[in-house]
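J.: Take this structure first; my questions come after.
Coordinate-derived values only; no laboratory data. Bear in mind that the values here come from a model prediction, so they are computed numbers and not experimental data. Here the Cβ positions follow ideal geometry from the backbone for every residue, glycine too, while neighbour counts run over all protein chains shown.
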Amino acid sequence: MRQTRVNIGAVVGSVVGLFLVIGLILLPFSIANVPANHVGVVYNGFGGGVQEKTLANGFYFKKPFFDKIYKIPTDVQTVNLDKVTTQTHDGQYIDTSVDVKYQILGDDALTVFKQFREVDRVNKELVKPVVQRAVEQVTVDYDVFDILGPKRNEVYKQINDNVRNELQKFGLTFKSLTILDSDAKDEIELAIQNEAVAQKAIDVAKQEQEKIKVENETKLLQAKTDAEKKAIEAQAEADANKVISSSVTNEMNQYIEAQARLKHGWVEVQTQQAIVDTK
């Protein structure tokens, strides 16, 4: 019987080479990179489900064809709604453009992933419908003149608060909401503009009246101050004269009389007046 000699080294080399080839083929499917401003969520589609621990940015090994790493962005996301059409309390329609900014923090990535898988679905299935409902729910309680006029800030704040509260329920961190524009029919906007012009004219007139009132009050106060000043000066002068008058004593009167007698013969001084007799 003839025996076949097997080269063990060749066989081993072939096996090792085969594994190396397979390894090189599988390598791209075994390494995943989680970029900056992202967290990774590992999902095993063959019964393993979602791993409860997220991955920070960096390179990771995974089971090829079994594990998939979803990359959830953690930087601020912006969603724009160009035209949200809603009806007001008085039956008018307005179109509103809105920008919403939100963020998925690392701790909330699993919550968001389990519901939506990807950010595009978050924007389409959550953020946009939430904004649409918030605008509808608020504007229906106000007349169009109030929304575009004096209660604009109040309306915007309610929409902002409603969106914030709804997004937080789904693990999103609300950053801001900006109303870019709100439009109604041309005739309504013209009426609002005219009303605004009229109101501005009223405000200017009130300001002018207030200015005149302040000026008059200032003048009256100045006049009162001047009158009081003159009265004080007059009183001071009278007091000074009184002091001067009282300073002329009897001794001074006698001295004046004596000097007059020497010169004129006879002088009688009474109080502050001298009567001279030249007999």
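J.: Determine the alpha carbon to alpha carbon distance for each of Lys68/Lys175; Lys53/Lys169; Lys71/Lys101; Lys71/Lys124 and list only those over 23 Å.
T.: Values: Lys68/Lys175 30 Å; Lys53/Lys169 21 Å; Lys71/Lys101 19 Å; Lys71/Lys124 18 Å.
With Cα atoms farther than 23 Å apart: Lys68/Lys175.
J.: Hand me the GluC sites (Glu not before Pro) from the stretch 26-135 located in a DSSP loop with no more than 16 other Cβ atoms within 10 Å, in residue order please.
T.: Working: sites: Glu52, Glu118, Glu125; in loops: Glu52, Glu118.
Loop-located and lightly packed - Glu52, Glu118.
J.: Taking a ≥ b ≥ c as the square roots of the eigenvalues of the Cα gyration tensor of the stretch 77-185, is the shape rounded (a/c under 1.5), prolate (a/b larger than b/c) or oblate?
T.: Values: a/c = 2.59, a/b = 2.30, b/c = 1.13.
Prolate shape, in that a/c is at least 1.5 and a/b is the bigger ratio.
J.: What is the sum of charges around Ile232, taking Lys and Arg as +1, Asp and Glu as -1, for the other residues whose C-beta is under 15 Å from the C-beta of Ile232?
T.: On the way: positive: Lys224, Lys229, Lys230; negative: Asp226, Glu228, Glu233, Glu237, Asp239.
Within the 15 Å Cβ shell, the charges total -2.
J.: Length gain on complete extension for the stretch Gln132 to Lys213, per 0.36 nm per residue less the alpha carbon to alpha carbon distance? List each step's numbers first, then the result.
T.: Numbers: separation 81, 0.36 × 81 = 29.16 nm, distance 5.02 nm.
So the extension gain works out to 24.1 nm.
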